[in-house]
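The values are calculated or read from the model by the stated rules, or taken from the named source; none is laboratory data. Please read these numbers as outputs of a predicted model, since none were measured by experiment. Backbone-built Cβ (ideal geometry, glycine too); neighbour counts: all protein chains shown. Just the protein is used for accessible areas: all its heavy atoms, side chains included, with ligands, DNA and RNA removed. Shrake-Rupley method; radii C 1.70, N 1.55, O 1.52, S 1.80 Å.
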Amino acid sequence: ITTYPMWSKLFNDTLCRWTCAPVLLSIPIISIFLRNIGYIPAKSSSIVETLTKKEQNVGIILDGIAGMFQQSSKEEKAYLKKRLGIIKIALRSGAPIVPVYGFGHTDMYTVVVDPLGVLEKLSHMLGASLTPFFGRWMWFLGPPRRTPISVVRVWL
């Protein structure tokens, strides 16, 4: 969890509010922190309201829970084929879409994925990710491995 929304104000007049799982905004202490630094729930109603009434930008990690379970050490994967709702929201609100992808994020952590898909199904039911992961030095929930990240913006 970072203060991405606050950083956007340093370089631009328009605040970029990032989305998070709605369940995170119902946990007492965490919700206060996330709301104070500018996060909004990843729900279409909140996104549309932010884009239209508040006239602010919205940052969304499109592959969400499904993308966390698409781990591969050999190739970069993103779960986007069924993510058309954001296109509808952008068309209705008149907001431009700026696609950005960060290559190398999958090398930062080793995510434990069970072969039966139980954790993925449970994560979808709860609305929050239950993905155990290992970071640098194979520490459980540890800091990320030092790896180069290349961020690419696609011009439309």
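Annotations for the structure displayed:
- Restricting segment 63-98 to residues that are open to solvent by less than 40 Å² (accessible area, probe 1.4 Å) and not in a helix (DSSP H, G or I) leaves a set whose member that is nearest to Pro148 (Cα to Cα) is Ser72.
- Residue in segment 137-152 that is in a loop (DSSP other than H, G, I, E, B), open to solvent by 80 Å² or more (accessible area, probe 1.4 Å), on the phi > 0 side of the Ramachandran plot and at pLDDT 80 or above present: yes
- Matching entry among Gly67, Gly117, Gly102, Gly142 (being within 28 Å of Ile27 (Cβ to Cβ), in contact with a Gly (Cβ under 6 Å, 6 or more places away or on another chain) and not aromatic (Phe, Trp, Tyr)): Gly142
- Scanning segment 99-115 for residues that are of a type outside the set (Ser, Thr, Tyr) and part of a strand (DSSP E or B), we see that the one that is farthest from Cys20 (Cα to Cα) is Phe103.
- Cβ-Cβ contacts under 8 Å between residues 6 or more apart (or on different chains), taken from a first residue in segment 65-78 that is at positive phi to a second residue that is open to solvent by less than 30 Å² (accessible area, probe 1.4 Å) and at pLDDT 75 or above, are absent.
- Any hit, segment 111-119, residues being modelled with pLDDT under 80 and surrounded by 12 or more Cβ atoms within 10 Å (Cβ to Cβ): no
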